[in-house]
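**Q** Before I ask anything, here is the structure I am working with.
Each reported figure results from applying straightforward, stated rules to the coordinates on display, with no laboratory input. Since this is a predicted model, take the numbers as computed values, not measurements. A quick note on method: Cβ atoms are made from the backbone with ideal geometry, for glycine too, and the neighbour counts reach across all protein chains shown.
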Amino acid sequence: MLQQTRVETVIPYFTRWMKTFPTLASLAEANEDQVLSLWEGLGYYSRARNLHLAGKIVAERYQGELPRDTKSLQDLPGIGRYTAGAIASIAFGKDEPVLDGNIRRVLTRFFNIDKPIQTTETEKVLGKITQDLLSVGKAGEHNQALMELGALICLPKNPDCVICPLVDGCLAHELGIQESRPVRKEKTPLPHLRVTAAVVQEGSKVLLAKRPPGGLLGGMWEYPGGKQEEKETLIETLHREIWEELNLEIQVGELLGVYNSAYTHYKVTLHAYRCSLLSREIRLSFHTESAWVHLESLSKYPMGKLDRLISLQLQSN
């Protein structure tokens, strides 16, 4: 959960998660909707799916006990080199380095690394530094100390150098350039997508469809629709998407709402329209499932941020 998410955001999610899944066995036995519902709001939902799958593998392959060596840990979905190092060093006392975002920032400042942090070259340099600096026999404490230093003192903006225990050796601080480290490549403007969603309501039920497990919002439920193509009106987009994805003909009604969000690589403006069906036989070509869901049951279906906003608006009407 702490990958790509701040501690204060994670705490209530972690508490609910551990109450629901106190053991790896209980996680392994859960269904995907339950897992994604508990994760809803944290984003990067592949992390939840990977964690769920890893729980199943550990239950089947390792009798419910997490492996202790980094190679076996990295064989589990969602665990890369440095996450494996964190688990092995902190949980099992192994002499393994860690290189998370906080440690990257501390080291690029301390050693005044002037190459962009996103490059393979810089990653190799930092990897060697973490290995060379590792406190043998105390790797867990060492790694946690560096992570906490970055989280609490060596902050991205306005680092508190006055109380930093490493200030005397920090090359970036000596030169007064600590806030310009780490160096990052210039960001290109995020593309802005316009997408549509069909809110088909019959009585107290609405039509939802479940996204495939891979890709953005994999395994989440949504109001079906899709991205506007060049020279299409939003209404034309909605007709095309619903036909392509569900094999349904629809009549598009009033605009229900306009919702905005930003993802890692693009921004989205979603236009949701109330729609009615002109045909009835659903044949899925993109989604894995469809369901007619009571408004009062929408909270049981894991959704992305924008679809949840639509659901909340429907429930409030």
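**Q** How far, in degrees from 0 to 90, does helix 46-61 lean away from the longest principal axis of the Cα atoms of the chain, to the nearest 10?
**A** Between helix and principal axis, roughly 70 degrees.
**Q** In segment 68-172, which trypsin sites (Lys or Arg not before Pro) fall in coil by DSSP and have 11 or fewer other Cβ atoms within 10 Å?
**A** Lys157
**Q** Here is a follow-up. For the chain, what is the mean residue ellipticity at 222 nm derived from helices alone (per DSSP H run of n ≥ 4: -39500 (n - 2.57); sum divided by total residues; nearest 500 deg cm²/dmol)?
**A** -11500 deg cm²/dmol
**Q** Do any chymotrypsin sites (Phe, Trp or Tyr not before Pro) in segment 186-281 lie in a DSSP loop with no more than 15 other beta carbon atoms within 10 Å, and if so, which?
**A** Tyr263, Tyr266
**Q** In segment 238-317, which GluC sites (Glu not before Pro) are in a loop and have at most 13 other Cβ atoms within 10 Å, using DSSP for the loop call?
**A** Glu249, Glu281
**Q** Work out how much length His265 to Lys157 would gain on full extension: take 0.36 nm times their residue separation and subtract the Cα-Cα distance, in nm to one decimal.
**A** Here the segment from His265 to Lys157 would lengthen by 36.6 nm.
**Q** On a 0 to 90 degree scale, rounded to 10, what angle separates helix 101-110 from the longest Cα axis of the chain?
**A** 40
**Q** Same structure again: Hey, which of these cross-link pairs are over 23 Å Cα-Cα: Lys185/Lys227; Lys267/Lys300; Lys19/Lys300?
**A** Lys185/Lys227; Lys267/Lys300
**Q** What aspartates and glutamates sit close enough to Lys128 to cross-link, taking a C-alpha to C-alpha distance under 15 Å and skipping anything fewer than 8 places away on the same chain?
**A** Straight-distance partners of Lys128: Asp95, Glu96, Asp100.
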